[in-house]
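*Asks:* Take a look at the following structure, please.
The values are calculated or read from the model by the stated rules, or taken from the named source; none is laboratory data. Everything numeric here is computed off the predicted structure, so don't read it as measured data. Note that each Cβ is placed from the backbone with ideal geometry, even for glycine, and that neighbours are counted across all protein chains shown.
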Amino acid sequence: MSPGHKRPTEKSLRRTNRVLVGVTCGFVALAVAMLASPWKPSTQARIPLVDPSFLEQTAWRKSYADLAREKADLSDFECYVCHEKKNPPPLRYDAEHVLIVPDEHSDIKMGHGTHNRNNLCYNCHNEGNLLTFSTRDGNELQFAESSRLCGSCHGPNYRDWEAGVHGRMNGYWNHQLGEFRRLDCVNCHNPHSPRIPTRQPAPPPHPLRLPFVPGPSAPPATTP
Amino acid sequence: MSQPLQPPTGIPDETDRLMGRRNFLRSSAAFAGLGALAASLSPLRDLQDYTSVDEFVQKYYKEMTPDDMSKVIKRIEDQVQRQYGIRPHVRDLKPMDGVEFVYCLNLTRCIGCRKCVHACVAENNQSRNPEIQYIRVLKLPHGSMDVDKADHLYNPPAVPEKGYFYMPVQCQQCHNPPCVKVCPVHATWQEKDGITVIDYDWCIGCRYCEAACPYWARRFNFTKPDIPKERLNPNMAYLGNRPRKQGVMEKCHFCVQRTRVGRYPACLEVCPVGARKFGNILDPESEVSYILREKRIFIQLKEEMGTNPRFFYYFEK
């Protein structure tokens, strides 16, 4: 025994033991806590990835020019399979002067213009030659040039479209560095009812704290 | 032991000291302590990609030579390949001469579909869990521009809803940016083509810029960004969409990886109604010059703050 070292008493020994046991238990508890980490959010609900349809850049509709480019089936546009040349079909209206669309063309919903102003097929279609369009000032246009037909009445929008301001442009803003693509009117607007239909939006942003209760779930929007 | 075993005597000796209760408790406490120390350091197991020596001593962006930059780019490409299994193509794109970008957004056309939000997230490798989205679409009633009353959590079955208009807000790339003024380390600055950029390796994550921005354009990475491997965009730029780390700010940068090579930003290319217009305001024949010349009603958000944004909202009628 070294000098000055007093033999420890029973009481102080017990106290030391208790302190050591307590410290040991504390460390072990800390170790268990660090390893188990019950506060880590490992089982939190994960935000689902967005539906890839919201990332697509494809236009809503295909124009005649698109179909011709893809060499798709153009039989829908062969009017004289059913109609007679030099004998344009007569137009029929109901009591409220709303156009009656014949059953053979039942997929067409007329809605061009407010108050049914533009419900006359021959405002755009050429009576003399159903395979072309005719403008109000007498020009005959091919199906692939439908945008000029739209522009013959909708001047300001047509000028904006030519400048790239109406409708979407894709590709390069710097025309010297690459190509740019402009869509036709009919790629977005159905010519018989051109108003853009409503559609389902992508989900709203999720807050940091989950679970997140989303708004009313939506059935997918239908397009005419 | 060479000594023959002795019968136990009542007098404590060498052996008793070594094998006594005191020693046992001392040694087990020390052992438990060391074990607990090792266990308490277990969070360090998750720090595989915390920082490497190269990253730690990396220079400030503006002081890097092209040699330094190519080494940094290699480091980033290696890192992304290790983490995601895809080798990206990282470039350091400089601003083009004679170009100042301006963004115009047609509020008569926007339908509030949020496709721009998600196209941006996919293009710029943003975290999905927790969610970071640079663009926030606000729904406002017709006739009001009070953004404090806007609804951004709308989720109706179909948009647009009657009586409301939709206004997507992202970094406005202000001429007079408050975020640049408050950054204590100059990790964010505005380049000569008008884009305010962030050097993610210099940012210290103090979030002063987030507090200073009046448009809440800046986002903070509270955790390591969670990017799904199958949706990683490998076409990256150093100041743009390379994956960020935990603890740094990020924000809309007008898709530098696209716009500085002449392409439209991702939000514009996906917009189904063509409400977004982007271009070089110094070119009189660009779309944005046409809009600012021909259209009549323009809004700069929070004009009274004096930030002078490069983002113009306009109405057709």
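*Asks:* So residue B:33 clears everything in (1) outside any helix (DSSP H, G or I); (2) touching a helix residue (DSSP H, G or I) at 6+ places or on another chain (Cβ under 9 Å) except one condition, right? Which one?
*Replies:* That leaves (1) as the condition not met.
*Asks:* Quick one: count up the residues across the stretch B:262-317 that are of a type outside the set (Gly, Ala, Ser), more than 27 Å from residue A:58 (Cβ to Cβ) and part of a helix (DSSP H, G or I).
*Replies:* Within the stretch B:262-317, residues that are of a type outside the set (Gly, Ala, Ser), more than 27 Å from residue A:58 (Cβ to Cβ) and part of a helix (DSSP H, G or I) number 6.
*Asks:* Here's a follow-up. Take residue B:315 and tell me if it is surrounded by fewer than 16 Cβ atoms within 10 Å (Cβ to Cβ) and in contact with a Leu (Cβ under 6 Å, 6 or more places away or on another chain).
*Replies:* Working: surrounded by fewer than 16 Cβ atoms within 10 Å (Cβ to Cβ): yes; in contact with a Leu (Cβ under 6 Å, 6 or more places away or on another chain): yes.
For residue B:315, the condition - surrounded by fewer than 16 Cβ atoms within 10 Å (Cβ to Cβ) and in contact with a Leu (Cβ under 6 Å, 6 or more places away or on another chain) - is met.
*Asks:* If we keep just the residues of the stretch A:193-224 that are small (Gly, Ala, Ser) and within 30 Å of residue A:118 (Cα to Cα), which is modelled with the highest pLDDT?
*Replies:* Looking at residues that are small (Gly, Ala, Ser) and within 30 Å of residue A:118 (Cα to Cα), I get A:193.
*Asks:* Six or more apart or on different chains, Cβ atoms under 7 Å: show the pairs whose first residue is in the stretch A:65-82 and surrounded by 12 or more Cβ atoms within 10 Å (Cβ to Cβ) and whose second is of a type in the set (Asp, Glu).
*Replies:* A:65/A:184
Residue by residue, here is whether (1) closer than 22 Å to residue B:32 by Cβ; (2) within 8 Å of chain B (Cβ to nearest Cβ); (3) part of a loop (DSSP other than H, G, I, E, B); (4) modelled with pLDDT under 90 holds:
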{"site": "A:7", "(1), (2), (3), (4)": "no, no, yes, yes"}
{"site": "A:20", "(1), (2), (3), (4)": "yes, yes, no, yes"}
{"site": "A:41", "(1), (2), (3), (4)": "no, no, yes, yes"}
{"site": "A:50", "(1), (2), (3), (4)": "no, yes, yes, no"}
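*Asks:* Determine whether residue A:108 is away from chain B (no Cβ under 14 Å) and either of a type outside the set (Ser, Thr, Tyr) or assigned to a loop (DSSP other than H, G, I, E, B) (or both).
*Replies:* The answer is yes for residue A:108.
*Asks:* Further question: Quick check on my filter: what residues within the stretch B:278-314 are aromatic (Phe, Trp, Tyr) and either within 25 Å of residue A:171 (Cα to Cα) or within 26 Å of the chain's Cα centre (by Cα) (or both)?
*Replies:* Across the stretch B:278-314, the qualifying residues are B:278, B:290, B:311, B:312, B:313, B:314.
*Asks:* Looking at B:228, B:284, B:214, which one is over 28 Å from residue A:164 (Cα atoms), surrounded by fewer than 23 Cβ atoms within 10 Å (Cβ to Cβ) and away from chain A (no Cβ under 11 Å)?
*Replies:* B:214
*Asks:* Here is a list of conditions, (1) under 16 Å from residue A:54 (Cα atoms); (2) of a type outside the set (D, E, K, R); (3) more than 10 Å from chain A (Cβ to nearest Cβ), and residue B:122 meets all of them except one; can you say which number that is?
*Replies:* (3)
*Asks:* Can you tell me which residue among B:184, B:225, B:177 is at pLDDT 95 or above and either hydroxyl-bearing (Ser, Thr, Tyr) or in contact with a Ser or Thr (Cβ under 8 Å, 6 or more places away or on another chain) (or both)?
*Replies:* Answer to the check: B:177.
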